[in-house]
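This report refers to the structure that appears directly beneath it.
The values are calculated or read from the model by the stated rules, or taken from the named source; none is laboratory data. Please read all numbers here as calculations on a predicted model, not as lab measurements. Here the Cβ is made from the backbone with ideal geometry for all residues, glycine too, and neighbour counts use every protein chain on show.
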Amino acid sequence: MAAPSTPPNPERPSPERHCPERTCVACRRKRPQGEFVRVTRTSAGWRVLPGKRTGRGAYVCADSPDCWQEKRLRRAFRGDAPAVSAQLQALNTPMDQPMTT
């Protein structure tokens with residue numbers, strides 16, 4: 001038999017919702033996950049792919065063009081750094097505007 005659920009207590013504040021933190025591979029700054037662009041490892045190399053992804057990935061600040069420079073990406077992406085940098089530069093859309101395809 002299931003235990004009866006207790007009604008919410010208005011005197012007790014609800015705990016804040018957990019927000020996952022990630023670290024930028026270029027600048028090493030920790031921020032909420034939503035402030036990053038995720039770069040995903042595929043069989044063809046590292047790619048910036050839209051939507052939800054699974055598997056190996058890395059995060060780069062979405063609002064900082066300094067983090068998109070090839071030199072700053074070399075530590076994480078090695079030989080793929082120029083391609084990843086070019087993909088991030090092509091994504092150069094402000095976070096407030098939706099991406100158009």
>> For segment 36-71, which positions are in contact with an Asp or Glu (Cβ under 9 Å, 6 or more places away or on another chain), surrounded by fewer than 17 Cβ atoms within 10 Å (Cβ to Cβ) and either closer than 21 Å to CYS19 by Cα or polar (S, T, N, Q) (or both)?
In response: ASP63
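Restricting to segment 33-63, name every residue that is among the hydroxyl-bearing types (Ser, Thr, Tyr) and either touching a Gly at 6+ places or on another chain (Cβ under 9 Å) or over 17 Å from ALA83 (Cα atoms) (or both). Walk me through it before giving the result.
The first filter runs over segment 33-63 and keeps only residues among the hydroxyl-bearing types (Ser, Thr, Tyr), leaving 40, 42-43, 54, 59.
Across segment 33-63, the qualifying residues are THR40, THR42, THR54.
Being surrounded by 18 or more Cβ atoms within 10 Å (Cβ to Cβ) and either out of contact with any Leu (no Cβ under 9 Å at 6 or more places or on another chain) or of a type in the set (A, V, I, L, M, F, W, C) (or both) is the filter here, so list the residues in segment 72-86 that pass it. Before the answer, list the steps.
Here is the first cut: in segment 72-86, the ones surrounded by 18 or more Cβ atoms within 10 Å (Cβ to Cβ) are 72-73, 77, 80-81, 84-85.
Answer for segment 72-86, where residues must be surrounded by 18 or more Cβ atoms within 10 Å (Cβ to Cβ) and either out of contact with any Leu (no Cβ under 9 Å at 6 or more places or on another chain) or of a type in the set (A, V, I, L, M, F, W, C) (or both): ARG72, LEU73, PHE77, ALA81, VAL84.
Within segment 61-80, work out how many residues are touching a Lys or Arg at 6+ places or on another chain (Cβ under 8 Å) and either aromatic (Phe, Trp, Tyr) or part of a strand (DSSP E or B) (or both).
Counting residues in segment 61-80 that are touching a Lys or Arg at 6+ places or on another chain (Cβ under 8 Å) and either aromatic (Phe, Trp, Tyr) or part of a strand (DSSP E or B) (or both) gives 1.
Quick check: is even one residue across segment 89-101 among the aliphatic types (A, V, I, L, M) and modelled with pLDDT of 95 or more? Outline the logic, then answer.
Kept after step one, since they are among the aliphatic types (A, V, I, L, M), are these residues of segment 89-101: 90-91, 95, 99.
Going one step further and asking which of them are modelled with pLDDT of 95 or more, we end up with none.
Taking every residue of segment 89-101 in turn, none turns out to be among the aliphatic types (A, V, I, L, M) and modelled with pLDDT of 95 or more.
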> Residue check, THR6 against (1) at pLDDT below 95; (2) closer than 21 Å to GLY79 by Cα, all met but one. Which one?
Replying inline: (2)
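Yes or no, residue by residue, for (1) at pLDDT 85 or above; (2) touching a Pro at 6+ places or on another chain (Cβ under 8 Å); (3) assigned to a strand (DSSP E or B); (4) at positive phi:
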site: ARG12; (1), (2), (3), (4): no, no, no, no
site: ARG31; (1), (2), (3), (4): yes, no, yes, no
site: GLY34; (1), (2), (3), (4): yes, no, no, no
site: VAL37; (1), (2), (3), (4): yes, no, yes, no
site: PRO50; (1), (2), (3), (4): yes, no, no, no
site: GLY55; (1), (2), (3), (4): yes, no, no, yes
> Name the pairs whose Cβ atoms lie under 9 Å apart, with the first residue in segment 65-79 and more than 18 Å from ARG47 (Cβ to Cβ), the second part of a loop (DSSP other than H, G, I, E, B) and among the polar types (S, T, N, Q), and 6 or more positions between them or separate chains?
Replying inline: PRO65/ASN92
